[in-house]
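This report concerns only the one structure given below.
The values are calculated or read from the model by the stated rules, or taken from the named source; none is laboratory data. From a predicted model like this one, the values you see are computed outputs, not experimental measurements. All Cβ positions, glycine included, derive from the backbone under ideal geometry; neighbour counts span all protein chains shown.
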Amino acid sequence: MTTTGLPAADWLRYGPLPFAERGMTRIIVMCNQKGGVGKTTTTINLAGSLASFGLRVLIVDGDPSGNATDAYKIEMLDEDEGDTQVTCLLGGKDPHPLVARPFENIHLLPASMDMQFLPARLRERGNALHTHRKMLARFQGEYDYILLDTRPAIDTDTDSMTAASDGAITMVDVDRWAMKAVNMQLAQHEMIMEELERQDFTELGLVISTAKGGSGRFDAAVLNNLRKHPDLANLGEVPYRGADLKEARAMGQPVQMYRPKSDTAGFFRDIAVKSGMVQAA
Ligand SMILES: Nc1ncnc2c1ncn2[C@@H]1O[C@H](COP(=O)(O)OP(=O)(O)OP(=O)(O)O)[C@@H](O)[C@H]1O
Ligand SMILES: [Mg+2]
């Protein structure tokens, strides 16, 4: 048995991403159904690290609150004015005209308010697991990485995003329910991959946000357990670091661009290397 309580899925890959061929797009889902654990912060700053290694990245904002869209000061799409991710996902339209290009190597597919109805629409459709895969196939070869920033939920939309992915990075905060949330997420990935009969999904590991964790004995025990997770590698611990992240975000930039020599930028570079997304020099 794994820590998820499910029978061990010996085919599920744990560890760094297998090295990708040049010209091949890898899709990574940034997940945890628990809210406020650093999914969006890691997504926008990991994109900055990958771009600093010369890689081309597309972020797909999968959260109707549009935090990743907002982070780069991009306008959310308006369903009353034209197409959105939802019309592309459900109507098979080409999402290219919707892509914003805030930086040369970081592009972003913005969120829109109508995304809040997507889970129900997918449920009505029945077999909806292939919805994101079909839309994202249109970007194959254009980017090195597509990062999917998910909303805090396990639902039809997040399942479809997971099904479209080659691997997952799980963000977690130091909190009483951290381990339970991570293991529920892993169990969900196992279920989806079993249903798809896929054996090529890689759990890249955990990014532990210690931003809100206190220094008491209980938090220390939680942190220790997360560090020793039996299945997931520790890709990095992102501590509360003064103003770097907040200032970069206020400027609409990843910290890698705003303050490239800072320790904070270094943390996100390490995550890119430890996850196998870039090769160490
Ligand atoms: N290392 C850090 N240092 C300081 N603040 C941080 C750090 N990581 C995250 N935060 C802050 O914590 C809050 C939650 O982070 P974030 O929005 O990235 O989480 P999330 O998992 O995407 O949330 P949601 O589930 O709502 O989408 C944000 O206000 C963010 O600025
Ligand atoms: Mg978020």
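A few remarks follow.
- Given (1) assigned to a loop (DSSP other than H, G, I, E, B); (2) of a type in the set (A, V, I, L, M, F, W, C); (3) more than 19 Å from Ile154 (Cβ to Cβ), index of the condition Leu232 fails: (3)
- Test: residue in the range 88-98 that is under 21 Å from Ala153 (Cα atoms), part of a helix (DSSP H, G or I) and not hydrophobic (A, V, I, L, M, F, W, C): no
- Tally, over the range 14-51, of residues that are more than 15 Å from ligand 2 (Cβ to nearest atom), modelled with pLDDT under 95 and either on the phi > 0 side of the Ramachandran plot or not aromatic (Phe, Trp, Tyr) (or both): 9
- Every residue from the range 108-133 that is assigned to a helix (DSSP H, G or I) and loosely packed, with under 15 Cβ neighbours inside 10 Å: Phe117, Ala120, Arg123, Glu124, Arg125
- Residue in the range 178-194 that is part of a loop (DSSP other than H, G, I, E, B) and either buried (at least 18 other Cβ atoms within 10 Å of the Cβ) or touching a residue at least 24 places away in the same chain (Cβ under 8 Å) (or both) present: no
- Some residue of the range 137-148 being within 16 Å of ligand 1 (Cβ to nearest atom), closer than 30 Å to Leu223 by Cβ, under 17 Å from the mean Cα position of the chain (by Cα) and touching a residue at least 60 places away in the same chain (Cβ under 8 Å): yes
- In the range 46-87, the residues that are among the hydroxyl-bearing types (Ser, Thr, Tyr) and either in a loop (DSSP other than H, G, I, E, B) or away from ligand 1 (no atom under 16 Å from the Cβ) (or both): Ser52, Ser65, Tyr72, Thr84, Thr87
- As for the range 156-169, it holds at least one residue that is touching a Pro at 6+ places or on another chain (Cβ under 8 Å) and within 27 Å of Leu55 (Cβ to Cβ).
- Of all residues in the range 53-104, those satisfying the criterion of being surrounded by fewer than 18 Cβ atoms within 10 Å (Cβ to Cβ) and β-branched (Val, Ile, Thr) are Thr87, Val99.
So that you can scan it fast, the table gives a plain yes or no per residue for (1) away from ligand 1 (no atom under 16 Å from the Cβ); (2) within 26 Å of Leu17 (Cα to Cα); (3) without any contact (Cβ under 8 Å) to a residue 12 or more places away in the chain:
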residue	(1), (2), (3)
Asp200	yes, yes, no
Leu204	yes, yes, no
Lys212	no, no, no
Ser215	no, no, yes
Ala220	yes, no, yes
Leu223	no, yes, no
Leu232	yes, yes, no
Glu237	no, yes, no
Ala248	no, no, no
